[in-house]
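So that we are looking at the same thing, I have put the structure below in structure tokens.
The values are calculated or read from the model by the stated rules, or taken from the named source; none is laboratory data. If you're wondering where the values come from, they're calculated on a predicted model, not measured in any experiment. All Cβ positions, glycine included, derive from the backbone under ideal geometry; neighbour counts span all protein chains shown. Side chains included, ligands, DNA and RNA excluded: accessible areas come from the protein's heavy atoms. Shrake-Rupley method; radii C 1.70, N 1.55, O 1.52, S 1.80 Å.
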Amino acid sequence: MNVTFDKIDDVTGKINISIAESDYSKKVDQELKKIGQTHKIDGFRPGHVPVGVLKKMFGKHVLVEVINREVYDALFNYIEKEKLNVLGEPLADNAKELDFDNDKDFDFTFELGFAPNIDVTVDKSLKVPFYNINVDNEMLEKQDDAFRTRFGKQVPGEEVDATALVKGSMVELNDDSTAKEDGVKVEKTIVSPQHFTSDEQKNLFVGKKVGDKIVFNPYESCNGNITELASMLNIDKDKAEIKSNFEMEISEIIVLKKAEHNEEFYKDVFGIDTIKSEEEYNEKLTEFIAAQLINDSNYRFTIDLKDALMNQVGEVKLPTEFLRKWLLKKDSKYTEDNIDNELAQMIEPLKWQLIKENALKKLGVKVEEADVNNMAKELARAQFAQYGMTNIPDDTVNHYAKDMLANEQYRRSIVDRTVEEKFYAAVKEAINLETKNVSTQEFNALFEK
């Protein structure tokens, strides 16, 4: 077998493979013998089928299969041996139709697209800003209020406020505001004005006291949601599409009493009992907010780093015509009508991916299984934290992370996330990071440009 390479330009080339009968004939015979031993063929015992019969029945199929296997093995072995950095997959040149019935020697040609040579500098000569967002009093007050609300308690209240639950009885009204004789009557129900979709209906309740009567429209309060109407009116869903006004007499008001600052509250918030004073609480709260803001800072850093490296590399020649043909062949969602627009949207992400790969190689970044496991645990803790669960035992987190990694799709996503994290961490260490402290307003202004 003879394999040659023709370089067309910096990003495209062709591999030519010539295969002679001597390269595949023995392997064809071996495959046919296997068929004779494993297939039941009428009139013959297994293993005693004449070669001529096997060739007549299976010869061409086996010939094509063996030749294709030999050719593709030679193709990818050559790519690996020569360390060709291909994009996409080799495309077979089907211009010449192969005659497997008469020919003995065959020639195959494959078109290839190559990643361009990219060389980025990731050392102290590269300057990229990193913006630390200052934690201000407004942030502290807002987060403190959120914690006090989360750990607050529902208690009886004197009047309806923005968070109140309202208990009482309801009667359906006629158009003239009199009680409807055969209308819906609800002896006990609970409504939550804060969840009304209509501000007009919500405002009817604010400031009302026990014993007050309110005329409102349940249908308008929930935008006609049948499930909510059925719950509010204590009736079946198939009878709930009622658009009448109702009069509600308030029998009880439940309001949220926000948690007070004390050692019990501090422990509820942070899961530790070492915080004893308001000052210590504010320090911990500042750390908590800063840890959240660092995600925003890191996101901005990814944008600025990308801009810096993309500008450093400049224009990059890609095998666009090859990629165009490859995409059309690879996936039916690409057509002659949309391929140019789709390809144009892929160019910048592809260029950035190639830049990152070059930087990863230069920085010697490697991802170990331990890194992937740690990332899975981080993501598991983050998911629990979304529901306010901040003190999850390690064995629970480990079990949850293990389940995530058992799913192949999740695993690929976690591996990609791990590579990204290690990439940016390594870059931060290698380059000249220009740290700047900014206010929230100054930071937000960066995205307006």
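Being open to solvent by less than 70 Å² (accessible area, probe 1.4 Å) and out of contact with any Leu (no Cβ under 8 Å at 6 or more places or on another chain), is that true of even one residue in the stretch 174-187?
yes
Give the residue, chosen from Glu252, Glu315, Glu260, Glu336, that is more than 25 Å from the chain's Cα centre (by Cα), under 30 Å from Asn217 (Cβ atoms) and not in a helix (DSSP H, G or I).
Working: Glu315 fails: under 30 Å from Asn217 (Cβ atoms); Glu260 fails: under 30 Å from Asn217 (Cβ atoms); Glu336 fails: under 30 Å from Asn217 (Cβ atoms).
Of Glu252, Glu315, Glu260, Glu336, the one residue that is more than 25 Å from the chain's Cα centre (by Cα), under 30 Å from Asn217 (Cβ atoms) and not in a helix (DSSP H, G or I) is Glu252.
Name, by its number, the condition in (1) in a helix (DSSP H, G or I); (2) open to solvent by less than 70 Å² (accessible area, probe 1.4 Å) that does not hold for Ile392.
(1)
Related question: May I ask you to list pairs of residues, at least six apart or on different chains, whose Cβ atoms are under 8 Å apart, with the first in the stretch 421-440 being more than 16 Å from Leu126 (Cβ to Cβ) and open to solvent by less than 30 Å² (accessible area, probe 1.4 Å) and the second being of a type in the set (A, V, I, L, M) and not in a helix (DSSP H, G or I)?
What qualifies is Val438/Ile133.
Could you list, ordered by first residue, the pairs with Cβ atoms under 7 Å in which the first is in the stretch 187-210 and in contact (Cβ under 8 Å) with a residue 24 or more places away in the chain and under 20 Å from Val171 (Cα atoms) and the second is assigned to a helix (DSSP H, G or I) and open to solvent by less than 70 Å² (accessible area, probe 1.4 Å), at least 6 apart or interchain?
Sorted first by the residue in the stretch 187-210, then by its partner, the pairs are Thr189/Met232; Val191/Met232; Pro193/Lys202; Phe196/Lys202; Phe196/Ser221; Phe205/Pro193.
Here's another thing I want to ask about it. Answer yes or no as to whether Val372 is open to solvent by less than 30 Å² (accessible area, probe 1.4 Å) and of a type in the set (Val, Ile, Thr).
Values: open to solvent by less than 30 Å² (accessible area, probe 1.4 Å): yes; of a type in the set (Val, Ile, Thr): yes.
Here the answer is yes, as Val372 does meet what is asked.
Would you confirm whether any residue within the stretch 237-258 is within 22 Å of Asn174 (Cα to Cα), modelled with pLDDT under 95 and in contact with a Ser or Thr (Cβ under 7 Å, 6 or more places away or on another chain)?
yes
In the set Leu328, Leu318, Leu343, which member is open to solvent by less than 80 Å² (accessible area, probe 1.4 Å) and touching a residue at least 40 places away in the same chain (Cβ under 8 Å)? Full working, then the answer.
Working: Leu328 fails: touching a residue at least 40 places away in the same chain (Cβ under 8 Å); Leu343 fails: touching a residue at least 40 places away in the same chain (Cβ under 8 Å).
The match here is Leu318.
Now, a different point. Kindly establish whether Glu420 is acidic (Asp, Glu) and touching a strand residue (DSSP E or B) at 6+ places or on another chain (Cβ under 6 Å).
Details: acidic (Asp, Glu): yes; touching a strand residue (DSSP E or B) at 6+ places or on another chain (Cβ under 6 Å): no.
Spelling it out, it is not the case that Glu420 is acidic (Asp, Glu) and touching a strand residue (DSSP E or B) at 6+ places or on another chain (Cβ under 6 Å).
Right, another one. Are there any strands (runs of 3 or more DSSP E) wholly within the stretch 154-248 with 3 or more residues that are more than 27 Å from Ala259 (Cα to Cα) and of a type in the set (A, V, I, L, M, F, W, C), and if so which? Lay out the reasoning, then the answer.
Details: elements: 165-172, 185-191, 213-216.
In the stretch 154-248, 213-216 are the strands (runs of 3 or more DSSP E) which contain 3 or more residues that are more than 27 Å from Ala259 (Cα to Cα) and of a type in the set (A, V, I, L, M, F, W, C).
So if I check each of Asp304, Asp296, Asp337, which one is open to solvent by 60 Å² or more (accessible area, probe 1.4 Å) and closer than 30 Å to Ala445 by Cβ? Walk me through it before giving the result.
Numbers: Asp304 fails: open to solvent by 60 Å² or more (accessible area, probe 1.4 Å); Asp337 fails: closer than 30 Å to Ala445 by Cβ.
The conditions single out Asp296.
Consider Lys402 carefully, then state whether it is open to solvent by 70 Å² or more (accessible area, probe 1.4 Å) and farther than 30 Å from Ser125 by Cα.
On the way: open to solvent by 70 Å² or more (accessible area, probe 1.4 Å): yes; farther than 30 Å from Ser125 by Cα: yes.
Criteria met by Lys402.
Within the stretch 211-226, how many residues turn out to be within 41 Å of the chain's Cα centre (by Cα) and open to solvent by less than 80 Å² (accessible area, probe 1.4 Å)? Give the steps one after another, and end with the answer.
Initial filter on the stretch 211-226 (within 41 Å of the chain's Cα centre (by Cα)): 218-226.
From the residues that got through so far, the ones that are open to solvent by less than 80 Å² (accessible area, probe 1.4 Å) too are 218-219, 221-222, 224-226.
The number of residues fulfilling the criteria is 7.
Restricting to strands (runs of 3 or more DSSP E) lying wholly in the stretch 1-94: which have 2 or more residues that are open to solvent by less than 30 Å² (accessible area, probe 1.4 Å)?
12-19, 86-92
Which of the residues that make up the stretch 416-447 are farther than 16 Å from Asp296 by Cα and part of a helix (DSSP H, G or I)?
Asp416, Arg417, Thr418, Val419, Lys422, Phe423, Ala426, Val427, Glu429, Ala430 - these are the residues of the stretch 416-447 that are farther than 16 Å from Asp296 by Cα and part of a helix (DSSP H, G or I).
Next up: Within the stretch 215-249, work out how many residues are among the charged types (D, E, K, R) and in contact with a Cys (Cβ under 7 Å, 6 or more places away or on another chain).
Initial filter on the stretch 215-249 (among the charged types (D, E, K, R)): 220, 228, 236-239, 241, 243, 247, 249.
Filter once more, so that each one left must be in contact with a Cys (Cβ under 7 Å, 6 or more places away or on another chain): 228.
Of the residues in the stretch 215-249, 1 are among the charged types (D, E, K, R) and in contact with a Cys (Cβ under 7 Å, 6 or more places away or on another chain).
Which one of these is out of contact with any strand residue (DSSP E or B) (no Cβ under 7 Å at 6 or more places or on another chain), in contact (Cβ under 8 Å) with a residue 12 or more places away in the chain and among the basic types (Lys, Arg): Lys81, Lys104?
Details: Lys81 fails: in contact (Cβ under 8 Å) with a residue 12 or more places away in the chain.
The conditions single out Lys104.
Name the residue that is nearest to Gly224 (Cα to Cα), counting only residues in the stretch 236-281 that are open to solvent by 40 Å² or more (accessible area, probe 1.4 Å) and of a type in the set (A, V, I, L, M).
Result: Leu256.
How many of the residues making up the stretch 114-148 are of a type in the set (S, T, N, Q) and without any contact (Cβ under 8 Å) to a residue 24 or more places away in the chain? Let's see the steps before the verdict.
Step one: of the stretch 114-148, the residues of a type in the set (S, T, N, Q) are 117, 121, 125, 132, 134, 137, 143.
Retained after the next criterion (residues that are without any contact (Cβ under 8 Å) to a residue 24 or more places away in the chain): 137.
Total satisfying the criteria: 1.
Need pairs with beta-carbon distance below 9 Å; first residue of a type in the set (Phe, Trp, Tyr) and within the stretch 373-385, second at pLDDT 85 or above; sequence gap 6+ or separate chains.
If the second residue must be at pLDDT 85 or above, the pairs left are Phe384/Thr396; Phe384/Val397; Phe384/Tyr400.
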